[in-house]
Amino acid sequence: MCEHCDMALDKAQAAAGPAPLKYRVSGMDCAGCAAKIDRAVRRVPGVTEVNVSVSAGTLTVDHDASAQPGAAIEKTVADLGYGLTAAAPANRPAEAHGHGHAHDHAHGHDHTPHEGTWWSNPKLRLTAASGIAFAIAWLLAQAVPQAATWLYVAAVLVGLVPIARRAFAAARHGSPFTIEMLMTIAAIGAIVIGASEEAAAVVFLFLVGELLEGFAAGRARASIQGLINLVPKTALREEGGETREVPAASLAPGDIILIRPGDRVPADGMVLSGESSVDEAPVTGESAPRRKAPGDTLFAGTINQEAALRLTVTAGAQDNTIARIVRLVEQAQEAKAPTERFIDRFSRYYTPSVVVVAALVAILPPLLAGGDWGEWVYKGLAILLIGCPCALVISTPAAIAAALSSGARRGLLMKGGAVLEQAGHVTAVAFDKTGTLTAGKPRVTDIAGFARSEAEVLALAAALEAGSSHPLATAILNRASEAGLRPAVAAGAAAVPGQGVRGLVGGEMVFLGSVEAAAGRAALSETEAARIADWQAEGKSVSVLVAGGRIAGAIAMRDEPREDAAEGLRALDALGVKAVMLTGDNPTTAKAIAASLGIEARAGLLPEDKQCIVKELQSGGAVVAKVGDGINDAPALAAADIGIAMGGGTDVALETADAAVLHGRVKDVAAMIGLSRSTMANIKQNITIALGLKAVFLVTTVMGITGLWPAILADTGATVLVTANALRLLRR
């Protein structure tokens with residue numbers, strides 16, 4: 001980067017204010033946890049914005065330039081009972097955020113960081129202790145009935161004390177209506193009215209529900225962690241003619257590394273030497289291994305199968321394919337979807353309303369109708385438990401986190417829940433042609449032998465093009481390689497400016513070039529001219545071979561559609577989504593490609609023309625997704641309802657786009673839309689489960705059919721059902 005660019009970047013960062021503080025939060029397993037942290041941190045002096053992501057397990061805090069709220073944030077979150085570790089500042093390279101070290105708090109609460117064996121999980125230990133205490137109390141109560149009440153009270157306290165401690169800490173920091181507070185009031189109320197046995201059971205069941213939430217949240221995070229684990233920790237780097245094992249994180253662009261058969265690739269790079277089959281399934285999902293040769297690219301995390309490969313590293317550990325996917329997914333999970341924001345706002349009023357309703361149910365019937373105080377207080381406490389908002393609050397973020405993780409594992413990246421929601425509404429997709437619907441590289445489509453056989457025409461052309469890196473030359477050399485031909489050496493091969501290339505092959509002067517240049521060296525027959533004209537009408541580039549003063553043959557080349565392009569467009573049609581091609585290429589070539597794919601084409605377009613067509617589609621009522629891979633696609637990507645960057649695209653396209661199809665498959669655009677629609681259906685199911693179960697048990701509780709046990713089972717059961725339903729998206 002030049003000095004002027006560096007200065008501009010520094011000015012931009014200064015104008016943007018201090019870098020946000022970013023933390024990893026341990027023990028945050030549900031949206032309720034996130035809400036408590038959010039409200040508490042917002043009350044810290046100097047804090048201007050807070051973003052808490054349950055699925056990513058992160059806390060990002062914007063603050064005033066004059067404030068240093070780090071220590072206060074760490075103390076506040078620790079008071080709530082969560083573990084906190086300082087991470088790299090958001091939107092900056094990895095570096096200390098000013099405190100110079102990471103903080104990891106463990107205060108004995110059941111939300112502290114957990115590593116190691118499953119039985120060392122603090123939540124599990126507390127749940128087990130509560131269950132054992134309940135079982136012991138029940139057994140002793142059978143032997144000493146007169147002491148039953150006090151035995152159950154003791155069992156209640158084993159689980160309730162940590163819950164109550166968290167409830168009052170949250171209340172001090174601005175969240176009085178937490179599930180822990182509702183649980184504390186219900187348990188104490190049950191003891192007061194003589195239902196201590198039920199209170200002990202309710203506390204135990206509540207802890208079981210929290211434990212299950214933690215495991216469910218871990219499943220969603222493990223999906224992304226699995227991607228990180230694809231990259232090996234070490235690499236074999238060539239240094240001074242020798243190979244030495246080094247940490248993979250130390251690799252930098254330009255390093256040369258050795259990939260042995262069976263090894264995972266430790267970095268993105270380009271094959272320098274060697275040929276081998278590479279299993280890309282862990283990254284791209286493709287089941288068939290891909291053949292790799294010098295010049296081909298390799299993704300970090302893929303597996304070399306047959307022979308050793310030497311690789312030139314093209315991206316450092318922080319910028320390889322896997323790291324980029326993880327970073328984008330974590331950023332996406334931090335951005336809330338519209339539905340999620342609505343549920344958050346709804347829950348702020350919902351929980352206090354439940355408390356009011358429960359209080360009215362407990363008080364009004366005895367006061368106004370002479371009802372039994374014990375009976376109606378019991379019903380009020382049951383309603384308090386039924387109203388716990390856990391299942392409702394987690395219904396949307398659980399589904400969105402699972403969908404974003406599932407998509408990322410298949411190379412479908414969406415920058416936030418809002419993008420995920422909007423993708424399902426898409427009714428029209430505008431595709432770029434080159435590098436999007438097509439592979440972006442010409443290949444030989446036809447060979448005609450006129451005075452020589454097709455094999456001779458290809459061999460002579462390859463001899464002239466050997467060593468050239470021109471795209472058309474590469475296409476001819478690739479076709480010769482596929483045919484098993486080894487090009488002869490052309491003596492004195494040289495380019496003829498504006499015409500083609502010539503040289504001596506086997507003592508014979510040979511020329512390969514444009515139709516016009518070849519016609520100036522030898523006459524084309526009507527049949528030969530007609531054959532070439534047909535190819536040109538199909539949008540193909542034609543090179544004519546002249547050997548021994550005669551037209552020896554011709555080779556047609558074209559940037560052909562991707563292998564899955566037709567299948568991908570059919571998948572969109574099946575979803576009821578219209579597709580159109582927008583390209584700056586000439587109309588002849590565009591129409592030929594479009595005809596083979598059965599798609600409408602608009603050609604000869606400038607970047608602003610593509611943007612205008614996107615707006616034209618939108619004005620007609622369409623929700624438009626624009627798919628492209630180049631800088632010239634950036635204006636249209638930004639104008640579309642959703643901009644989707646194609647795999648292998650430029651950084652500008654990836655930055656401008658709302659989503660990315662990393663592996664360059666046209667059918668993945670339909671997969672992204674399908675994933676969005678499945679996610680929205682899943683969210684609706686979750687909300688129905690959460691509110692439906694509460695409605696049923698609310699009625700049965702008021703009627704006296706169900707009590708405290710079923711109430712807490714309804715809440716825990718709804719939370720488990722909602723989470724399990726959301727996790728189905730991981731297997732999609």
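A short reminder: the numbers here are calculations on the coordinates, not readings from a lab. Quick caveat, the model's predicted, so the values are computed rather than measured. Don't worry about glycine lacking a Cβ; one is built from the backbone with ideal geometry, like all the others, and counts go over all protein chains shown.
Some observations on this one:
- Label separation (residue 491 vs residue 677): 6.6 nm, computed from points 7 Å beyond Cα along the C-beta direction.
- Least to most buried among 150, 535 (fewest other Cβ within 10 Å first): 150, 535
- Put simply, the amide H of residue 578, placed in the peptide plane, has neighbours under 5 Å in 428, 429, leaving out anything fewer than 5 places away on its chain.
- Fully extending the segment from residue 474 to residue 229 would add 84.5 nm, taking 0.36 nm per residue of separation and subtracting the current Cα-Cα distance.
- Model label sites at residue 238 and residue 357, defined 7 Å from Cα along the beta-carbon direction, differ in position by 7.1 nm.
- Relative packing of 503-511, 540-548, 299-307, which averages over residues the other C-beta atoms within 10 Å, highest first: 540-548, 299-307, 503-511
- Whole-Hz Karplus values for region 499-505 come out as 10, x, 9, 9, x, 9, 10 Hz, taken residue by residue from phi with 6.51 cos²θ - 1.76 cosθ + 1.60 and θ = phi - 60°; glycine and proline positions read x.
- For residue 506, the shell of other residues with beta-carbons less than 13 Å away shows a net charge of -1, using +1 for Lys and Arg and -1 for Asp and Glu.
- Long-range amide H partners of residue 48 with built H, under 5 Å: 62, 63, 64
- Rounded to whole Hz, the Karplus (6.51, -1.76, 1.60) HN-Hα couplings of region 697-708, x for glycine and proline: 6, 5, 5, 5, 5, 4, 6, x, 7, 10, x, 5
- Going from the residue with the fewest nearby Cβ atoms within 10 Å to the one with the most, 76, 85 rank 85, 76.
- Cα-Cα over 30 Å, subset of 433/684; 123/415; 22/123; 36/379; 610/667; 75/379: 433/684; 123/415; 75/379
- For a modelled paramagnetic label at residue 731, 7 Å from Cα along Cα-to-Cβ, the residues of region 407-434 in reach, with backbone nitrogen under 19 Å, are 407-410.
- A Cβ-based charge dipole, computed about the Cα centre of region 489-628 with Lys and Arg at +1 and Asp and Glu at -1, lands at about 160 debye.
- In range of the label at residue 596: residues from region 446-460 whose backbone nitrogen is under 18 Å from the point 7 Å along Cα→Cβ: 446-448
- Full extension of the chain between residue 314 and residue 129 yields a length gain of 61.3 nm, computed as 0.36 nm times the residue separation minus the alpha carbon distance.
- When you filter the trypsin sites (Lys or Arg not before Pro) in region 228-271 for DSSP loop state and at most 12 other Cβ atoms inside 10 Å of their Cβ, you are left with 233.
- Charge sum, other residues only, whose C-beta stays under 12 Å from residue 307's C-beta, Lys/Arg counted +1 and Asp/Glu -1: +1
- Radius 13 Å from Cβ of residue 168, net charge of other residues (Lys, Arg +1; Asp, Glu -1): +2
- Across region 516-527, computed HN-Hα scalar couplings (Karplus, 6.51 cos²θ - 1.76 cosθ + 1.60, θ = phi - 60°) run 5, 5, 5, 5, x, 9, 7, 6, 8, 6, 4, 5 Hz from first to last residue, x flagging Gly and Pro.
- Between residue 536 and residue 638, the modelled labels are 4.0 nm apart [label points 7 Å from Cα along Cα→Cβ].
- Under 5 Å between amide hydrogens, built in the peptide plane, is the criterion, and for residue 562 it picks out 438, 439 among residues at least 5 positions away or on other chains.
- The peptide list 580-591, 191-202, put in order of mean Cβ contacts within 10 Å with the highest first, becomes 191-202, 580-591.
- Annotation: extensible slack from residue 293 through residue 364 equals 17.5 nm (criterion: 0.36 nm per residue apart, minus Cα-Cα distance).
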